[in-house]
Amino acid sequence: MLSRTASNLYWLARFIERAENTARVLDVAYRVSLVNKEPGVAEREWFAPLNITGTLFPFQGNYSVVCAEQVLSFMALDRDNPASIIACAHQARENARAVRVHLTTEMWEVINGTWLELQRFSEQQLHAHPSTFFDWVKERSHLFRGVTRGTMHRSEAAQFLRLGSFLERADNTARILDVKYHILLPSLGDVGRAVDYYQWSAVLRSVSAFETYKRVYRDVISPIKVAELLLLNEDFPRSLQACLHDVYEIIEDLAPHPRAEVLRLAGEIYSRLRFARIDAVFEAGLHEYLTDFLRRINGLAGEIHDTYFRPPLTADADTA
Amino acid sequence: MSQIYNEMFQPDGSVRAHYKPLQDWLQNQPADRIEQDRLAADLLFRKVGITFAVYGEGAGTERLIPFDMLPHIFEGAQWDRLARGLEQRVVALNRFLHDIYHAQEILRAGKLPAELVTGNSQFRPEMVDVDVPLGIYSHIAGIDLVRAGDGEHYVLEDNLRTPSGVSYMLENRRMMMRLYPELFAQQSIRPVEHYPDLLLDTLRSVSPRGNEDPTIVLLTPGIYNSAYFEHAFLAQQMGIELVEGQDLVTEDRVVYMRTTRGLRRVDVIYRRIDDDFIDPQVFRADSVLGVAGLFDAYRAGNVTLANAVGTGIADDKSIYPYVPEMIRFYLGEEPILKNVHTWLLRRPDDLAYVLEHLPELVVKEAQGSGGYGMLIGPCSSKAEIEAYRRRILDAPERFIAQPTLDLSVVPTFVGDQQQPRHVDLRPFLLCGDKIQLVAGGLTRVAMKEGSLVVNSSQGGGVKDTWVLDR
């Protein structure tokens, strides 16, 4: 298939997954802020979504205070913020327009309908019912995934869509888990208390893992087990290991030859997760481990670009 | 004022035979059924209409082209005669294109002034002595037909470069069959849905390597082009890749597309980009839509472009008056379809006549299209006519004039009332190893009362076109 088409499909999937996960991140911050009423702490929580999406600087350039209302506006409906949900939906649609030939009618209608509906959401609606908005974003993403599974020919095109989804999801799950680091670090006294419990369970709920946790561990919420589930569980579909397992399989299928660097990189990252022990991760530091992981999959994304989408011929060519 | 031909009704008010089934059906519908169908049509079309978008910046202001539910109907025998005339015309036009880029016999025979061809900016010297597969230049031709007050069909213009609109023809039919299946069950209406298959067939037949399974692509300027939907639609219907200039590269005068598995050779390019933009090394150097080296590969015969480079010379409005002469010269036949009488303002006698009769005439730029920059005398103010007169006097050779034709009318819904509105018709002809056309085309309708301008860029709408199979 055309390199540009592959690139558009891959980015289409990444932007949809990113919009969903941004909704999840904001949802964690919002849920946590509902319990944490201590002065100073409530505000600090709203730094987390900005820190993990790397948008603190642009935010501060346009908004005055880091608080629920302003962060929600910035991350959900601000068209000038390239990381916002509305900007992701727009990018997804632009990529979809370029590859309509490869999408089924139903897939296109989900993307286009999402974009049209999103433009009707007002700031007032968002602030009145933030969770309703996040749920809607997640539903649209689920719908797209379902329609894709249910209608799309399982061709190379479908593989590039899946590749984009899993890579973005791995990246995002790592960032969501890192929220914990950003929120909790200053208040060690909270560890083991009710607030701590609530914050870890909010992280679980944000990746739809609360019930899974209970079923797998049959135990109270503990940070080390939450991390184990989200990093190393091979059957939980949003865990890093599960995502990288699929990324590796897809690349194995798409690889130009068995010695391709892109395959080696994917295999290396997958093996590190496949054979990791959670206590070793915590000894080295969870935040440090996640930072290293993000650096590695960023390198993999670069290699995917060079292998399939080709290095740009002109200086201003862009992968997105 | 001459009389206006009504496609549905006789001058005495009775319905014409081929519109009778539609008329009976309309009269048997309860008033609210028609209204409900109109609402359903609106709703359905808005959904499909997303795809008819004219894409705007940012927020995506997307316009629909108005669709009218009352069809433009032809009798089978009448259509068959038109089809023969259209085929005759495109054969002659292709022969003309081959001739003027080779021996130029028609010029040597003095059938049309040489400077009109060789001095024309649409004549591409780069194409002289270039051989194209089967000698076909215009593989896809859209010939605009109108019916005047005398009931006769005339060719209004030939579109031989990158004619558009065929996706509307297909979508209009799909919509009508969805809304009114019973009308299609009652009478035998010739199909148009196989157009993409015929197009693919045509493109295959002009592959330079003559292989069984040539690689064919559709080259689009990209998603911001107003016809992008049509490009994507046709590529999808034919199952071929939709490429942009950046997806193609040339090496040793062979064209390749960049795929995830490396370079793949391309045999035929159905290009929807103008000549000027296809190759920055040969034509406009600032073009970012084209492919460097494409023209070299083309001239070497390693890739086929459809349509060929340089077809614009044959649909130039100053060449148009000579098409009947081409038919006689190349085919030794009398033209089946009539031309509209045309004054060339480069001729002093024609210029004098036209300047005296501006309020009655239509004046156009010889190389204009899309209904831009024309003067419709009877609909213009004195000031507009005087301003146009000054433009003509500046460069008379750039203009042609024609009598104001009273285009025929078809009933059209305006609110819940049927009102007569002017129409034209663009059938699409496909030229490869044979000439093919589907029975129908794109009917364009001027939605404003009395308006003669049917171009969608000027607020025109569209209708389904039926050819009855009898």
Subject >> Relative packing of B:404-410, B:438-444, which averages over residues the other C-beta atoms within 10 Å, highest first >> reply: B:438-444, B:404-410
**OP:** Using only the Cα atoms, work out Rg/Rh for the range A:3-153, with Rh taken as the Kirkwood radius, to two decimals.
**Re:** 1.01
**OP:** Putting +1 on Lys and Arg Cβ atoms and -1 on Asp and Glu Cβ atoms, find which of B:312, B:359, B:375 reaches farthest to the positive end of the dipole of the range B:283-432.
**Re:** B:312
**OP:** In whole angstrom, note down how far apart the Cα centers of the range A:40-86 and the range B:292-326 are.
**Re:** 56
**OP:** Quote the relative contact order of the range A:3-311 in percent (integer), defining contacts as alpha-carbon pairs under 8 Å separated by 6+ residues.
**Re:** 23
Original post:
Given H placed on each backbone N at 1.01 Å, which residues far from residue B:219 in sequence or on other chains put an amide H within less than 5 Å of it?
Top reply: B:243, B:270, B:271, B:272
Original post:
About the Cα centre of the range A:3-311, what is the dipole size in debye to 20, counting +1 per Lys and Arg Cβ and -1 per Asp and Glu Cβ, all else neutral?
Top reply: 420
Subject >> Anisotropy class of the range B:331-470 from Cα gyration tensor, a/c 1.5 cut >> reply: oblate
**OP:** Using the Karplus curve 6.51 cos²θ - 1.76 cosθ + 1.60 with θ = phi - 60°, work out ³J(HN,Hα) for each residue of the range A:19-24 in order, rounded to whole Hz, and write x for Gly and Pro.
**Re:** 4, 4, 6, 5, 4, 5
**OP:** Label the range A:67-177 by shape, choosing from rounded, prolate and oblate, from the square roots a ≥ b ≥ c of the eigenvalues of the Cα gyration tensor; if a/c is under 1.5 it is rounded, and otherwise prolate applies when a/b is larger than b/c, oblate when it is not.
**Re:** prolate
**OP:** Report the FRET efficiency, 1/(1 + (r/R0)^6), for residue B:357 and residue B:382, where r is their Cβ-Cβ distance and R0 is 22 Å, rounded to 0.05.
**Re:** 0.95
Original post:
Which percentage, to the nearest 5, of the DSSP beta bridges contained in the protein assembly as shown is antiparallel?
Top reply: 70
Original post:
What number of lysine-lysine pairs in chain B show an alpha-carbon separation below 29 angstrom, given a sequence spacing of 8 or more or placement on distinct chains?
Top reply: 25
**OP:** Count charges around residue A:205 for me, please; just the other residues with Cβ under 14 Å from its Cβ, Lys/Arg as +1, Asp/Glu as -1.
**Re:** +3
Subject >> Exposure proxy order (Cβ contacts within 10 Å, fewest to most) of A:132, B:311, A:53 >> reply: A:132, A:53, B:311
Original post:
Where a Cα-Cα gap under 29 Å defines reach, which lysines qualify for residue A:214, not counting those fewer than 8 residues away within the same chain?
Top reply: A:37, A:138, A:180, A:225
Original post:
How big is D for the range A:222-290, in µm² s⁻¹ as a whole number, if Stokes-Einstein is applied with the Kirkwood radius of its Cα pairs at 10 °C and 1.306 mPa s?
Top reply: 125
Original post:
If amide H atoms are built 1.01 Å from N in the plane of the peptide, which residues on other chains or at least 5 residues away come under 5 Å of the amide H of residue B:259?
Top reply: A:3, B:264
Subject >> chain B: translational diffusion in µm²/s, Stokes-Einstein, Kirkwood Rh over Cα pairs, 25 °C, 0.890 mPa s >> reply: 104
Subject >> Euclidean distance of C-alpha centroids, the range A:228-280 and the range B:78-109, integer Å >> reply: 64
**OP:** Would you compute the Debye intensity of the range B:230-277 from its alpha-carbon atoms alone, equal scatterers and no solvent, and pass along log10 I(q)/I(0) at q = 0.13, 0.22, 0.24 Å⁻¹ to two decimals?
**Re:** -0.33, -0.90, -1.03
**OP:** Report the FRET efficiency, 1/(1 + (r/R0)^6), for residue A:56 and residue B:178, where r is their Cβ-Cβ distance and R0 is 56 Å, rounded to 0.05.
**Re:** 0.60
Subject >> Size of electric dipole in the protein assembly as shown: Cβ of Lys, Arg +1 and of Asp, Glu -1, about Cα centre, debye, nearest 20 >> reply: 1040
Subject >> Neighbour net charge for residue A:127 - beta-carbon separation under 15 angstrom, K R +1, D E -1 >> reply: -4
Subject >> Net charge, residue B:207 excluded, C-beta distance under 12 Å - Lys, Arg +1, Asp, Glu -1 >> reply: -2
Original post:
Over all Cα pairs of the range A:3-311, how is the pair count split among 10 Å bins, expressed in % and running from 0 up to the last occupied bin?
Top reply: 6, 27, 34, 25, 8, 1
Original post:
For chain B, what relative contact order do you get, as a whole percent, if you take Cα pairs closer than 8 Å and at least 6 residues apart?
Top reply: 24
Original post:
Points 7 angstrom from Cα along the Cβ direction at residue A:275 and residue A:205: gap in nanometres?
Top reply: 4.0
Original post:
Of the residues A:94, A:228, A:288, which exhibits the maximal mean-square fluctuation in a Gaussian network model of chain A defined by a 10 Å Cα contact cut-off?
Top reply: A:288
Original post:
Which of these, A:271, A:122, A:201, has the largest mean-square fluctuation under a Gaussian network model of chain A (Cα springs below 10 Å)?
Top reply: A:122
Original post:
Residue by residue, what Karplus-based ³J(HN,Hα) values in Hz, rounded to whole numbers, does the range B:413-419 have, using 6.51, -1.76 and 1.60 with θ = phi - 60° and x for Gly and Pro?
Top reply: 6, 10, x, 9, 9, 8, 10
Original post:
Calculated from DSSP H runs of 4 or more alone, at -39500 (n - 2.57) each and per residue, what is the 222 nm mean residue ellipticity of chain B, nearest 500?
Top reply: -8500 deg cm²/dmol
Original post:
At q = 0.05, 0.07 Å⁻¹, what base-10 log of I(q)/I(0) does the Debye formula yield for the protein assembly as shown when every alpha carbon is treated as an equal point scatterer in vacuo?
Top reply: -0.35, -0.65
Original post:
In a GNM of chain A with a 10 Å cut-off on Cα contacts, which of A:199, A:70, A:124 has the highest mean-square fluctuation?
Top reply: A:124
Original post:
Farthest toward the dipole's positive end in the range A:3-311, which of A:302, A:151, A:48, given Cβ charges of +1 (Lys, Arg) and -1 (Asp, Glu) about the Cα centre?
Top reply: A:151
Subject >> Hydrodynamic radius (Kirkwood) for the range B:345-415, which is based on Cα pairs only, to one decimal in Å >> reply: 13.0
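Only the coordinates and a few stated rules stand behind these numbers; no lab work does. All figures in this text were calculated on a predicted structure; none of them were measured in a lab. FYI the Cβ positions are ideal-geometry reconstructions off the backbone, even for glycines, and counts take in every protein chain you see.
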